[in-house]
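Undergrad: Right, I'll just put the structure down here and ask away after.
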2 protein chains.
Amino acid sequence: MSTCGQSMKLTASPFPSPEEKRSTRAAKRDAVLRAAVQMFNERGFHQTSLDDVAASLGISKPTIYHYLGNKDQVLLECVKIGLGQLIAAAEEARAHSGTGADRLSAFLARYAAINMDDFGRCVIRTGDEALAPESRERFRDLKRQIDSHMRNLIVEGIADGSLAPCDPKLAAFTIAGALNWPARWHDPAGNESAVDLARQMIALLSRGYLPR
Amino acid sequence: MSTCGQSMKLTASPFPSPEEKRSTRAAKRDAVLRAAVQMFNERGFHQTSLDDVAASLGISKPTIYHYLGNKDQVLLECVKIGLGQLIAAAEEARAHSGTGADRLSAFLARYAAINMDDFGRCVIRTGDEALAPESRERFRDLKRQIDSHMRNLIVEGIADGSLAPCDPKLAAFTIAGALNWPARWHDPAGNESAVDLARQMIALLSRGYLPR
DNA sequence: TCGAATATATACTCATGAGTACATTGCATG
DNA sequence: CATGCAATGTACTCATGAGTATATATTCGA
């Protein structure tokens, strides 16, 4: 998933091709974003200075500015990566065979797992207010896309009878809320597997807490 | 629910009793917190300066410092109020008669509604990192209490057979997550009633999204 | 009536951290 | 080989906003 620039090829020529240079650059940018997102998740965006991020990589702040325009953009890129993963998950789920409920389940499992991962966590933990107006619009728009995907899956499930009839908007918000929340409490270093957790949460959401 | 200092008594003496003075002072402190929480919820804690809060009340920053120690304390008091409401709700629910499921439902309804209210929203929207270390501990501790109440209700419900067997910790987090999320999207000025919304979300959570 | 305490304002200080100016190195290419 | 761009560092600027020093008015109690 990450663009890895440390090429392992045997002929480690000291003369990188333009192609290699491009990917080296991308790898550095990636490294900055990865370092940033981890600190944002740990201490929060406003408690993290770009000096801190730079220091954690053993570089200096202007180097970050060489790869990214400003702090707002750093955050925006982070959430864009997370949201990109979520959108990809939605598109994969749509391709699945089976009932609407099956497709929804597949999506939700990925959705939950992503939200416990670095970039996904950042999406959840970032309040719209943290971003500058234009970035905020972008952010909101992408989130709306995810929501829309989820609602569509729900509507399809209701249509084919594999889901109980309900208000799709409300259902999407409710389910998403439940699966977003681990971004706040789940410890990625702990011993609870994200995938396991996701499975259990989805089981509960699908069957409800009342006995059947 | 709010301490209202504008006494309506007919004999509006210009010589307030010590009792009245105490309550006037409390009312002013309340007003500061209310103004603060609203701005925090709207623009976020870090985007809100105490100068802004003061201006919104037609007073000046030092006046706020006269009633509250510092910005961290302003935030802490806000979340303490919200958490106080939640704890009260838990205690009321515990007193209810009926099955464990009934008590849980009663609690959840209040829980959800509070989370759409000023102080409850602030509890949800405030990340632990925003607070100073000691306040953060306080905050976490109170949140743990709520969680513990919720888990107890779930355990009781499972014990009396009114709830499906499940891992109480996971169930509590899942349900809480779903009911917390409206703090992020619900518009208190909109036309969707918080109580209605709460009812519907709980219905979905209790019965699940699969057909029965 | 004098002094203490309360309530409020004006006008500061001062740390932090985003963002920049500028120097440097090194490779790459006309 | 000179010029120019990519990559990086050092050392700044500058706005913001938390928190404070200090002045003033009011009220209450001795």
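The values are calculated or read from the model by the stated rules, or taken from the named source; none is laboratory data. Since the structure is predicted, the reported quantities are computational estimates derived from the model, not experimental observations. Because the Cβ atoms are built from the backbone with ideal geometry, glycine has one as well, and the counts that use them run over all protein chains shown. The protein model used for the area step is the full one, side chains on, heavy atoms only, and it has no ligands, DNA or RNA in it. Shrake-Rupley method; radii C 1.70, N 1.55, O 1.52, S 1.80 Å.
Undergrad: Could you tell me whether A:S148 is polar (S, T, N, Q), in a helix (DSSP H, G or I) and open to solvent by less than 30 Å² (accessible area, probe 1.4 Å)?
TA: Answer is no for this residue.
Undergrad: Still on this model: Mind listing whichever residues of region B:117-128 are in a loop (DSSP other than H, G, I, E, B) and either of a type in the set (V, I, T) or open to solvent by less than 70 Å² (accessible area, probe 1.4 Å) (or both)?
TA: Residues satisfying the conditions are B:T126, B:G127.
Undergrad: While we're here: If only one of B:T63, B:T48 is near DNA strand D (Cβ under 8 Å from one of its atoms) and modelled with pLDDT of 95 or more, which one is it?
TA: The conditions single out B:T48.
Undergrad: Could you list all residues from region B:50-80 that are within 14 Å of chain A (Cβ to nearest Cβ) and either over 17 Å from B:A132 (Cβ atoms) or near DNA strand C (Cβ under 8 Å from one of its atoms) (or both)?
TA: B:D52
Undergrad: A further question on this structure: Just wondering, is there one or more residues in region B:155-171 that are closer than 30 Å to A:R144 by Cβ and at the interface with another protein chain (Cβ under 10 Å from one of its Cβ atoms)? Steps first, answer last, please.
TA: As a first pass, look at region B:155-171 and keep what is closer than 30 Å to A:R144 by Cβ: B:170-171.
Imposing the further condition that a residue be at the interface with another protein chain (Cβ under 10 Å from one of its Cβ atoms) reduces the set to B:170-171.
Within region B:155-171, one or more residues are closer than 30 Å to A:R144 by Cβ and at the interface with another protein chain (Cβ under 10 Å from one of its Cβ atoms).
Undergrad: Name the pairs: first residue in region B:46-70 and touching a residue at least 60 places away in the same chain (Cβ under 8 Å), second residue among the aromatic types (F, W, Y), Cβ to Cβ under 9 Å, at least 6 apart or on different chains?
TA: B:H46/A:F45
Undergrad: With the structure loaded, tell me whether A:L131 is within 12 Å of DNA strand C (Cβ to nearest atom) and either open to solvent by less than 10 Å² (accessible area, probe 1.4 Å) or more than 17 Å from the chain's Cα centre (by Cα) (or both) or whether it fails that test. I'd like the intermediate steps shown before the answer.
TA: Working: within 12 Å of DNA strand C (Cβ to nearest atom): yes; either open to solvent by less than 10 Å² (accessible area, probe 1.4 Å) or more than 17 Å from the chain's Cα centre (by Cα) (or both): yes.
Yes; evaluated as a whole, the condition is true for this residue.
Undergrad: Still on this structure: Considering only residues that are free of Cβ contacts under 8 Å to residues at least 24 places away in the same chain and of a type in the set (D, E, K, R), which ones fall in region B:127-180?
TA: B:D128, B:E129, B:E134, B:R136, B:E137, B:R140, B:D141, B:R144, B:R151, B:D167, B:K169
Undergrad: Okay, moving on. Can you confirm whether region A:195-210 contains a residue that is of a type in the set (D, E, K, R), closer than 23 Å to B:H186 by Cβ and either out of contact with any Asp or Glu (no Cβ under 7 Å at 6 or more places or on another chain) or in the same structural domain as A:A89 (by TED's automatic domain parsing) (or both)?
TA: Among the residues of region A:195-210, not one is of a type in the set (D, E, K, R), closer than 23 Å to B:H186 by Cβ and either out of contact with any Asp or Glu (no Cβ under 7 Å at 6 or more places or on another chain) or in the same structural domain as A:A89 (by TED's automatic domain parsing) (or both), which makes the answer no.
Undergrad: I'd like the full set of residues that are within 13 Å of chain B (Cβ to nearest Cβ) and charged (D, E, K, R), limited to region A:30-49.
TA: Within region A:30-49, A:E42, A:R43 qualify.
Undergrad: I've got another one for you. Quick one: would you say A:A178 is buried (at least 18 other Cβ atoms within 10 Å of the Cβ) and either at pLDDT 95 or above or at the interface with chain B (Cβ under 8 Å from one of its Cβ atoms) (or both)?
TA: So A:A178 fits the description; yes.
Undergrad: Something else about it: Among the residues of region A:161-212, how many are charged (D, E, K, R) and farther than 21 Å from A:E42 by Cβ?
TA: Here is the first cut: in region A:161-212, the ones charged (D, E, K, R) are A:167, A:169, A:184, A:187, A:192, A:196, A:199, A:207, A:212.
Filter again for farther than 21 Å from A:E42 by Cβ, leaving A:167, A:169, A:196, A:199, A:207, A:212.
Of the residues in that region, 6 qualify.
Undergrad: Next question, about the same structure. I'd like to know if region B:184-201 contains one or more residues that are on the phi < 0 side of the Ramachandran plot, open to solvent by 70 Å² or more (accessible area, probe 1.4 Å) and facing chain A (nearest Cβ under 7 Å).
TA: Yes - at least one qualifying residue is present in region B:184-201.
Undergrad: Kindly indicate whether any position in region A:58-69 is under 29 Å from B:R136 (Cβ atoms) and not assigned by TED's automatic domain parsing to the domain that holds A:L104.
TA: Within region A:58-69, the subset under 29 Å from B:R136 (Cβ atoms) is A:61, A:64.
Within this subset, residues satisfying the condition of being not assigned by TED's automatic domain parsing to the domain that holds A:L104 are A:61, A:64.
For region A:58-69, residues under 29 Å from B:R136 (Cβ atoms) and not assigned by TED's automatic domain parsing to the domain that holds A:L104: present.
Undergrad: While we're here: List pairs: first residue in region B:94-114 and under 13 Å from B:H149 (Cα atoms) and at pLDDT 95 or above, second residue open to solvent by 50 Å² or more (accessible area, probe 1.4 Å) and of a type in the set (D, E, K, R) anywhere in the structure, Cβ distance under 6 angstrom, at least six positions apart or on different chains.
TA: Once the first residue is under 13 Å from B:H149 (Cα atoms) and at pLDDT 95 or above and sits in region B:94-114, its partners that are open to solvent by 50 Å² or more (accessible area, probe 1.4 Å) and of a type in the set (D, E, K, R) give B:G100/B:E156; B:G100/B:D160.
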